[in-house]
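Where a number appears in this text, it was derived from the coordinates with a stated rule and is not lab data. Only a predicted model underlies this, so the values are computations on that prediction, with no experimental measurement involved. Cβ: placed from backbone, ideal geometry, glycine included. Neighbour counts: every protein chain shown.
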Amino acid sequence: TTQPRNFELHQIEIQRQVRAGLMERYGSHCIDFWDVLATPEGYVDKKFDAGDGIHLNDAGHRQLAQKVVESNVLVEWLGISRVRAWWDGVLGRVARVI
């Protein structure tokens, strides 16, 4: 789905409609990024905002990556096996750097 942005309310409503349409059209093949990144009002959660209300910081991108891994799209569409172990290894390396 689309990700939230700190737009005006009428633009946020359009984003919500696009999200709903994508989820309706693609069902279980649609990865919902909105719920993990948005505040109840539809803005980018401050803990994921890079500072401009549009782009995500590293924590936000980790959330996107986590949702992709959890969806199993890498396994189902790309045939990559053992994605979970790979992702856990990536997170371990990132945690050591931070």
Checklist entry - Rounded, prolate or oblate: which fits the stretch 3-70 when a ≥ b ≥ c are the square roots of the eigenvalues of the alpha-carbon gyration tensor, with rounded for a/c under 1.5 and prolate only if a/b beats b/c? => result oblate
Item to check | Amide proton proximity set for Ala38, modelled H, under 5 Å, gap of 5+ | outcome: Asp45
Checklist entry - So what are the ³J(HN,Hα) numbers for the stretch 10-25, from phi and the Karplus equation (6.51, -1.76, 1.60; θ = phi - 60°), rounded to whole Hz, Gly and Pro as x? => result 5, 6, 5, 5, 4, 4, 5, 5, 4, 4, 4, x, 5, 5, 5, 6
Item to check | Among Val36, Gln17, Val73 - extreme Cα towards positive end, dipole of the stretch 1-75, charges at beta-carbon | outcome: Val73
